[in-house]
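Every number here is computed from the coordinates shown, using simple stated rules; none is lab data. Quantities reported herein were computed from a predicted structural model and do not represent experimental measurements. Here the Cβ is made from the backbone with ideal geometry for all residues, glycine too, and neighbour counts use every protein chain on show.
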Amino acid sequence: MPYELLTEDKVVPYLASLPELGRIFGSFDDIEVREIGDGNLNFVYFVTDRKDRARSAVVKQAVPYVRVVGESWPLTVERTRLEVMALRQERAICPQFVPEIYHWGEEMCVVVMQNLYQHKVVRGEIIKGVKFPRLVDHLTSFLARTLFHTSDFYLDQAEKKRQVGAYLNPELCKITEDLVFTDPFEENKTNSPNPRLGAEELERFRADPALKIAAAEMKHKFMTEAEALIHGDFHLGSYMANQEETYIIDPEFAYFGPMAFDVGKTIGNFLLAYLSQAYHRRQAGEDPRAFRGWLLQCAEDVWTGFAAKFEALWAEHMERFDRVYWSFPGGAEAAARWRAGFLDRVFHDALGFAGCVMVRRTLGLAKVADIAAIADLEARAALDRQALAIGRELLVQRDRLESIEDAVVLVLALAPNA
């Protein structure tokens, strides 16, 4: 079937033509199709049997351009093939955290998958003040397992190199390289800062040599360190959860990159949520301190949980490490020291990536609704300035912060929980 854009009226006939979807829906006589319409790149439809909500699916189609911008920014639809490949590999490693794929139509660039109708997108729920008590535990389990099992600490060296080649994703990597590490740190037409941030203060921010060097260093790491299969867009909008379960979606930016990138993006997004709740909870007539404290604890627990689980996996599979690196008397002690040093490096890099995320989501294209959806531009500007200040310090001071507790102290100094 040649490529054709699936509009709402074409979704059901398309699904009805797929024999494997019969086991999901049974009949297509009374089906509701709803386009959720909040993606930056793709069209996504919720498809549900009106008489039985359990009979449902999500239909996602890539278009040959960046949807949030329009046809003026062409983009290959190859990204959907890579997303499906990543989803299948992640589900093989962490089946409890990844939705099931029902169908992949390469010609139409359509993937049909499990509809998580009992789960909500985490970002929107957090904006409303909803806590997810198991969220960070699930996220860190996913991060530790997927990053470890696609690294040289687990994979055979030949298989690892084969996978690196299979996941080459130059177009979407270019988007990250530009929008996260380059454009926000210069005057660029893609940027869309809050108009209440003055031109002079933005010029001073971007002219900071230490900041520009730090951003360039993080960009170089992103471009050159093929450590493990990373999700590439790991943030609060890519998690769907309820009080008991968490699912990770949308890995179309997946490629082999630095482990710290996904970890840092997670920390940065929790910090942006922390900042925003000073506004949202007060608007709801609540004292914001408890909820903000939970979000800050989430940011801290992302690192501690990931590091503990990753190190445990490494120790559990030590025989693989021995084959690649060394096996001799005293090797276990040396390996333990090497593990600590390796994770220390990942920690500092994660802080740097978190800082880049906070700057990007404040000044660049495709912001987070936590702050960007605040209609009061003056109130939003105060949060934007805090995000830029924290982002700057996490970048510039990343190697001088010795622990995640030190990073939290820095955040509280610049944005007190009051």
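Order by neighbour count: Tyr117, Tyr239, fewest other Cβ atoms within 10 Å first, most last.
By the 10 Å Cβ count, ascending, the order reads Tyr117, Tyr239.
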With a 28 Å threshold on alpha-carbon distance, the violating pairs from Lys161/Lys219; Lys10/Lys120; Lys128/Lys367; Lys51/Lys128; Lys160/Lys265 are Lys51/Lys128
Two pseudo-spin positions, 7 Å from Cα along C-beta at Asp29 and at Arg320, lie apart in nanometres by 5.1 nm
Checking rank on 157-168, 295-306, with mean other Cβ inside 10 Å and highest first, the result is 295-306, 157-168
Over the Cα atoms of the range 161-242 the radius of gyration and the largest Cα-Cα distance (Dmax), both in Å, equal 16.0, 49
Shape call for the range 144-297, from the Cα gyration tensor axes a ≥ b ≥ c (a/c under 1.5 means rounded, otherwise prolate when a/b beats b/c, else oblate), comes out oblate
Ranked from fewest to most other Cβ atoms within 10 Å of their own Cβ, Met259, Met318 fall in the order Met318, Met259
Taking alpha-carbon centroids only, the range 153-174 lies from the range 202-219 a number of Å equal to 30 Å
Simple spin-label estimate for Ala16/Asp156, 7 Å along Cα→Cβ, in nm, reads 4.8 nm
Shape descriptors of the chain over alpha-carbon atoms, Rg and Dmax in angstrom, are 21.7, 69
Relative contact order of the range 8-113 (C-alpha contacts under 8 Å, at least 6 apart) in percent is 20 percent
Burial-style ranking of 92-105, 241-254, 20-33, average other-beta-carbon count within 10 Å with highest first, yields 241-254, 92-105, 20-33
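Between Leu414 and Glu217, how high is the FRET efficiency from 1/(1 + (r/R0)^6) when r is the Cβ-Cβ distance and R₀ = 35 Å? Nearest 0.05.
It comes to 0.95.
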With 0.36 nm assigned to each residue of separation and the Cα-Cα distance removed, Asp287 to Cys173 gains 37.0 nm
So Glu378 and Tyr3, fully extended at 0.36 nm per residue minus their Cα-Cα distance, gain in nm 130.4 nm
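Once the Cα gyration tensor of the range 8-113 is diagonalised, what are the square roots of 5 times its eigenvalues, in whole Å and ordered largest first, as equivalent ellipsoid semi-axes?
Details: eigenvalues 107, 67, 30 Å².
Each semi-axis is √(5λ); the values are 23, 18, 12 Å.
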Per residue, the convex hull enclosing the Cα atoms of the range 257-296 spans a volume in Å³ of 47 Å³
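Hey, can you list the DSSP H helices of the chain whose Cα span along the axis is 18 Å or longer and whose average Kyte-Doolittle score is at least -0.5?
Length and hydropathy pass: 135-149, 209-224, 259-283, 289-316, 331-363, 377-396.
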